[in-house]
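FYI, it's all coordinate maths here, none of it is from the lab. Fair warning: this is a prediction, and the values are worked out from it, not measured in the lab. Note: ideal-geometry Cβ built from the backbone for every residue, glycine included; neighbour counts use all protein chains shown.
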């Protein structure tokens, strides 16, 4: 690999090439009926893996590491953590 | 609310449920696109800039452990010389090692010279990046790999260094403490810090699931309990006038400190095999003393 001068990285936000979703052992699942779109989960997500969807919060499973903060903090119990199974 | 654009892209290698990642995400999204981030060595730098990738969507400069504040000062001066200083934010994200211990000298210099830089210390209370070694931010009684509890030890034997008060003693325009559970409070303080003409310092308590030994989903709860038990007080002060210190989150009914200690494995030796009432009592007494000093 050729290293650039000063180990400079030219492409902003290129870490999106690395999908951290594989780290997950529990998967957050949003219940559309219970979600009130308060966006508390969006605010508290350390990985910016929750998007403000049209009807409810949308989890980006490519990057969600399954920490469970969103499910724990949701005041309406709209997010459930279910085990990842293969 | 956090702005719609994410300036800290996903795909970074922070642990699941990382408090520092959340703190940085809130801060950089609040500061906006005209921001230059400087970071010394630490969890933040190692996990967000894995060559040849970067998670940052704003200019990011990594420097040595000691001199993040000096590099930020240089950016401030250089931009001024070029006549491009206006409407740009310079943010430093340093860990507790890069602030409390190794970076303190450069930080003090930056304060004294009066550079317009906002220095954010994401405090996770030990050298987490290298394997949970104690530092001067580690609280009294905590387990770390270099302060192991045992027959003759209760864990960390020294109290935490009051870094925000040390910063305030430089009489800089703005100093505040914040934590990730209170996002609006943190954002408000950051906006104030960015608006002042001169150095500003924000001490952010950022719990670490890996090093503090708690389940990752407890992140916000631990951060909230730190405030509710009085372990971490949210305050702000302008121009170092400690007599005008403002408590931004008043806790009318303070919870006993056990509730905070119990959530974390790093304090479990205080409860098992024998309940160390003496040590817990001492931690509680320190908090009570702190509140007395704050006049609460």
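Here are the numbers:
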{"quantity": "Filter result (surrounded by fewer than 14 Cβ atoms within 10 Å (Cβ to Cβ), in contact (Cβ under 8 Å) with a residue 24 or more places away in the chain and part of a loop (DSSP other than H, G, I, E, B)) within the stretch B:253-267", "calculated": "B:256"}
{"quantity": "Meets criteria (crowded, with 18+ Cβ neighbours inside 10 Å, within 14 Å of chain A (Cβ to nearest Cβ) and over 24 Å from residue B:90 (Cβ atoms)) for residue B:220", "calculated": "yes"}
{"quantity": "Selected residue [in contact with a helix residue (DSSP H, G or I) (Cβ under 7 Å, 6 or more places away or on another chain) and without any contact (Cβ under 8 Å) to a residue 60 or more places away in the chain] from A:48, A:7, A:12", "calculated": "A:48"}
{"quantity": "Within chain A, strands (runs of 3 or more DSSP E) holding 3 or more residues that are more than 9 Å from chain B (Cβ to nearest Cβ)", "calculated": "A:26-30, A:57-59, A:79-83"}
{"quantity": "Filter result for the condition that a residue is surrounded by 13 or more Cβ atoms within 10 Å (Cβ to Cβ) and closer than 27 Å to residue B:219 by Cβ, over B:275, B:270", "calculated": "B:270"}
{"quantity": "Tally of residues being surrounded by 18 or more Cβ atoms within 10 Å (Cβ to Cβ) and assigned to a strand (DSSP E or B) across the stretch B:223-252", "calculated": "4"}
{"quantity": "Matching residues, the stretch B:223-243, being within 14 Å of chain A (Cβ to nearest Cβ) and in contact with a strand residue (DSSP E or B) (Cβ under 6 Å, 6 or more places away or on another chain)", "calculated": "B:223"}
{"quantity": "Test set (1) surrounded by 14 or more Cβ atoms within 10 Å (Cβ to Cβ); (2) free of Cβ contacts under 8 Å to residues at least 40 places away in the same chain; (3) under 20 Å from residue B:218 (Cα atoms) - residue B:284 fails condition number", "calculated": "(3)"}
{"quantity": "Residue ID - surrounded by the fewest Cβ atoms within 10 Å (Cβ to Cβ), chosen from residues in the stretch B:158-179 that are away from every other protein chain (no Cβ under 14 Å) and under 20 Å from residue B:44 (Cα atoms)", "calculated": "B:163"}
{"quantity": "Condition met for residue B:101 (surrounded by 24 or more Cβ atoms within 10 Å (Cβ to Cβ) and under 30 Å from residue B:153 (Cβ atoms))", "calculated": "no"}
{"quantity": "Subset of the stretch B:180-217 [assigned to a loop (DSSP other than H, G, I, E, B), more than 14 Å from chain A (Cβ to nearest Cβ) and within 23 Å of residue B:282 (Cβ to Cβ)]", "calculated": "B:213"}
{"quantity": "Top-ranked residue in the stretch B:42-87 [being within 14 Å of chain A (Cβ to nearest Cβ), in contact (Cβ under 8 Å) with a residue 40 or more places away in the chain and more than 17 Å from residue B:7 (Cβ to Cβ); ranked as farthest from the chain's Cα centre (by Cα)]", "calculated": "B:46"}
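Quick grid of which residues meet (1) within 20 Å of the chain's Cα centre (by Cα); (2) within 22 Å of residue A:59 (Cα to Cα); (3) at the interface with another protein chain (Cβ under 7 Å from one of its Cβ atoms):
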site: B:10; (1), (2), (3): no, yes, yes
site: B:14; (1), (2), (3): yes, yes, yes
site: B:17; (1), (2), (3): yes, yes, yes
site: B:24; (1), (2), (3): yes, yes, no
site: B:28; (1), (2), (3): yes, yes, no
site: B:31; (1), (2), (3): yes, no, no
site: B:36; (1), (2), (3): yes, no, no
